[in-house]
Amino acid sequence: MPLKLPLLPSVAPATPRAEVVSPRSVRLSLTDRCDLACVYCRPHRHDGYVDAEKRLDLASWTAMIDGLVHAGVRRVRITGGEPLLHPGVVDVVRRIASLPLVEDLALTTNATRLAELAAPLRAAGLRRITISLDSLEADRFWRLTRGGRLARVLAGVDAACAAGFDEVKLNTVVVRGENDGELGAIAEWAWARGIVPRFLEVMAVGEGAKMQDRVVAGVEMRAALAHLLADDTPARDPDRGPAKYIRARHDARKRIGFITGTSDTYCAGCDRLRVASDGTLRPCLATEDGVPGEAAARTGDPAAVAAAVAAAWSQKPDGRTFKGCTEESAARVSIRAIGG
Ligand code: SAM
């Protein structure tokens, strides 16, 4: 029986994507595999992966990246699934970092393998890294990730701090009744390490579709953090995604980010495309639409990839809405598959 996902009452009507004629930023889901099973992301650890023969190989990833740049992409984030499980991740980073037209290269990771890989990734040219960490309490971390070991992740955080990245950020998805009492502690812990903490609302994708009663809205997060925050209006970094930041009350060099994908909509001006691990080009996080890009990547011809990119971009919806999703379709827009 398909589950009717709830309409999100606070989401504004679809916003025109206006004059963005081609993607400028891309998220590459290098692999849909992950060694954790976060409760808002997937139902369990054995929910299936893309068939091995459908995954892009390294040559196809290289051609895909060249084609994306040919199509106008200038900012790249490597994600997944868990990108550090991909045996070629350092090579992919090195390849992208060598492209003069790429202005920004970042990676999002759960940090379980970061203790080993932080230094090689930095040496390969990675400049910015985002680490997902939902709790500083080992039992809660284990529960939220269905078996993750906090100590390994903290070792990864230490390695990232030592590796000399331009920026280390933390993503904490806030789940009511779990980690919503930890926000201040996480923010101060991150600041003490030179990390920018960011708090995310649970979005109605993947398992998050079934958890909308546990969303903590950004305004509520800000109230819980009011003692740490200046009385500023949250502001986005130009060209840097949907997060809005507020400076710390007592130190303007520190700040906290909020990603309010449920209570807010930030589709206007969205210039982001996603590439799934099988090469599907996905124009929006919240839809099932997509264009196969694998065959174009296999040709090795950047113009062929750019044509597939244009076809995918023409499917970009005017505004994101999770309205009308069924349980089945929400699973198909699993953030793990298409690049969170
Ligand atoms: N494995 C990597 C990681 O954990 O950072 C990269 C992929 S993960 C899908 C990327 C980000 O998406 C993580 O910060 C994760 O917490 C977030 N995420 C996944 N499902 C979500 C949901 N339903 N709502 C909000 N954020 C979600």
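The values are calculated or read from the model by the stated rules, or taken from the named source; none is laboratory data. Every value quoted in this text rests on a predicted model; they were computed, and no experiment measured them. Cβ sites come from the backbone with ideal geometry, for glycine too, and all protein chains shown count toward neighbours. Please note that ligands, DNA and RNA were not included when accessible areas were found on the heavy atoms of the full protein model with its side chains. Shrake-Rupley method; radii C 1.70, N 1.55, O 1.52, S 1.80 Å.
Can you say whether Gly72 is open to solvent by 30 Å² or more (accessible area, probe 1.4 Å) and at positive phi, as far as the supplied structure shows? In short, no. The residues of region 246-264 that are open to solvent by less than 50 Å² (accessible area, probe 1.4 Å) and either more than 28 Å from Gly208 (Cα to Cα) or touching a residue at least 40 places away in the same chain (Cβ under 8 Å) (or both), listed by number, are Ala248, Asp251, Ile256, Gly257, Phe258, Ile259, Thr260, Gly261, Thr262, Ser263, Asp264.
On the stretch given as region 291-317, residues that are within 23 Å of the chain's Cα centre (by Cα), in a loop (DSSP other than H, G, I, E, B) and either within 13 Å of Val20 (Cα to Cα) or not small (Gly, Ala, Ser) (or both) total 4. For region 215-233, filtering for residues that are open to solvent by less than 80 Å² (accessible area, probe 1.4 Å) and in a helix (DSSP H, G or I) leaves 6.
For (1) more than 14 Å from the ligand (Cβ to nearest atom); (2) touching a strand residue (DSSP E or B) at 6+ places or on another chain (Cβ under 9 Å); (3) open to solvent by 50 Å² or more (accessible area, probe 1.4 Å), each residue gets a yes or a no:
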| position | (1), (2), (3) |
| --- | --- |
| Tyr49 | no, yes, yes |
| Trp61 | yes, yes, no |
| Ile65 | yes, yes, no |
| Leu68 | yes, yes, no |
| Ala106 | no, yes, no |
| Glu116 | yes, no, yes |
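Just one of the listed residues (Pro242, Pro283) is within 16 Å of the ligand (Cβ to nearest atom), of a type outside the set (A, V, I, L, M, F, W, C) and within 30 Å of Arg33 (Cβ to Cβ), and it is Pro242.
If you go through region 172-195 and keep only what is in contact with a Leu (Cβ under 7 Å, 6 or more places away or on another chain), within 16 Å of the ligand (Cβ to nearest atom) and open to solvent by 20 Å² or more (accessible area, probe 1.4 Å), you end up with just Glu178. Within region 77-104, the set of residues being in a helix (DSSP H, G or I) and open to solvent by less than 40 Å² (accessible area, probe 1.4 Å) comprises Pro83, Leu84, Leu85, Val89, Val90, Val92, Val93, Ile96.
Checking the condition open to solvent by 30 Å² or more (accessible area, probe 1.4 Å), out of contact with any Lys or Arg (no Cβ under 7 Å at 6 or more places or on another chain) and either closer than 22 Å to Pro87 by Cα or hydrophobic (A, V, I, L, M, F, W, C) (or both), which residue from Arg149, Arg140 passes?
Arg149
For region 118-137, residues that are within 16 Å of the ligand (Cβ to nearest atom), among the charged types (D, E, K, R) and surrounded by fewer than 23 Cβ atoms within 10 Å (Cβ to Cβ) total 1. The residue that is least open to solvent (accessible area, probe 1.4 Å), counting only those in region 284-301 that are of a type in the set (Asp, Glu) and more than 20 Å from Asp57 (Cβ to Cβ), is Asp289.
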